[in-house]
């Protein structure tokens, strides 16, 4: 009886993730043991175990992703060599910072929750270091697969996740409890951890959206079978939305209010233009995407009317509604593009199998007119 062990790509990637978790856990344990040496520490709050765990967890996630991404041989979008190099550097930096932010926020939030549940409990250096090791190992394990598969689908999940987590953290740590009576940008006003978290969330989310624009451009070209200006236009509009998000985060509302509002408004305008123009830019996408795009524009207009002139809610309410609609559209759009790309690849593979040896590998000839039906 032979002991057969899986040696395929997936098994190898899983092994790498486990090794990354072990290394990260051991390193975090050593660092935390030094930083927490002497006395006991609360789980959450100032001078707590969670503060140390936040940095070790964030660093573990960022390093694990970066190592996996640099080792990955996954193909990049079909661009010039210079643009591919730029995309690789930008994607690596942006996603590494985002994974650090997610790890940091997750550890900090978990510390506050456990502190509320275990009132009065304090940990010594060994117990605190063990908690940091567990959190850091888990973060490295979860972040490692992302480095092996940076794609439209993974970015489409990462962007809203990071944006929601970052904004929620800013809301919970806001020094002004009445911020919601003005607008979301009030979270980024002034100093403190809340303002920093809010503005950096916008900046990093914007970089991710701009990066996703390049991947979407390549996927659209494959999904529709068109290499023209349509896919390029969609990618550029997504990159413009990301650029507006970055500038909105860099220019605080309390520093240059009208400039901040201008960048934020530009983001909404470009998004509306993308939704309206999508049927012309990518007409071969599933009909559901075009219907949802038009519905998003109508929904945004309705939300605007409920703010002005109806006055049903304030500007913060309008921002909530608009952000919710954008998240819905982004989810539908990304899943639709990925599905259309997979359908076209399956159709091409089926045609190649039918054609036999005469069919060129990877050829899309004979796959109909390339139209993807909803």
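Points worth noting:
- Filter result for residue 190 (assigned by TED's automatic domain parsing to the domain that holds residue 260 and part of a loop (DSSP other than H, G, I, E, B)): yes
- Lone qualifier among 253, 234, 209 - being buried (at least 21 other Cβ atoms within 10 Å of the Cβ) and outside any helix (DSSP H, G or I): 253
- Any hit, the stretch 95-109, residues being surrounded by 18 or more Cβ atoms within 10 Å (Cβ to Cβ), at pLDDT 90 or above and more than 30 Å from residue 214 (Cα to Cα): yes
- Residue that is surrounded by 18 or more Cβ atoms within 10 Å (Cβ to Cβ) and either at pLDDT 85 or above or more than 29 Å from the chain's Cα centre (by Cα) (or both), where the choices are 20, 11: 20
- Test: residue in the stretch 151-161 that is part of a loop (DSSP other than H, G, I, E, B) and surrounded by fewer than 16 Cβ atoms within 10 Å (Cβ to Cβ): no
- Unique match (being in a loop (DSSP other than H, G, I, E, B) and either under 21 Å from the mean Cα position of the chain (by Cα) or under 25 Å from residue 202 (Cβ atoms) (or both)) among 85, 96, 174, 140: 174
- Lone unmet requirement of (1) modelled with pLDDT under 95; (2) assigned to a helix (DSSP H, G or I); (3) surrounded by fewer than 20 Cβ atoms within 10 Å (Cβ to Cβ) for residue 69: (3)
- On inspection, residue 129 qualifies as over 19 Å from the mean Cα position of the chain (by Cα), in contact (Cβ under 8 Å) with a residue 24 or more places away in the chain and within 27 Å of residue 32 (Cα to Cα).
- When each of 317, 262, 311 is tested for being surrounded by fewer than 19 Cβ atoms within 10 Å (Cβ to Cβ), more than 21 Å from the chain's Cα centre (by Cα) and at positive phi, the lone residue that passes is 311.
The values are calculated or read from the model by the stated rules, or taken from the named source; none is laboratory data. Everything numeric here is computed off the predicted structure, so don't read it as measured data. Heads up, the Cβs are rebuilt from the backbone with ideal geometry, glycines too, and the neighbour counts pull from every protein chain shown.
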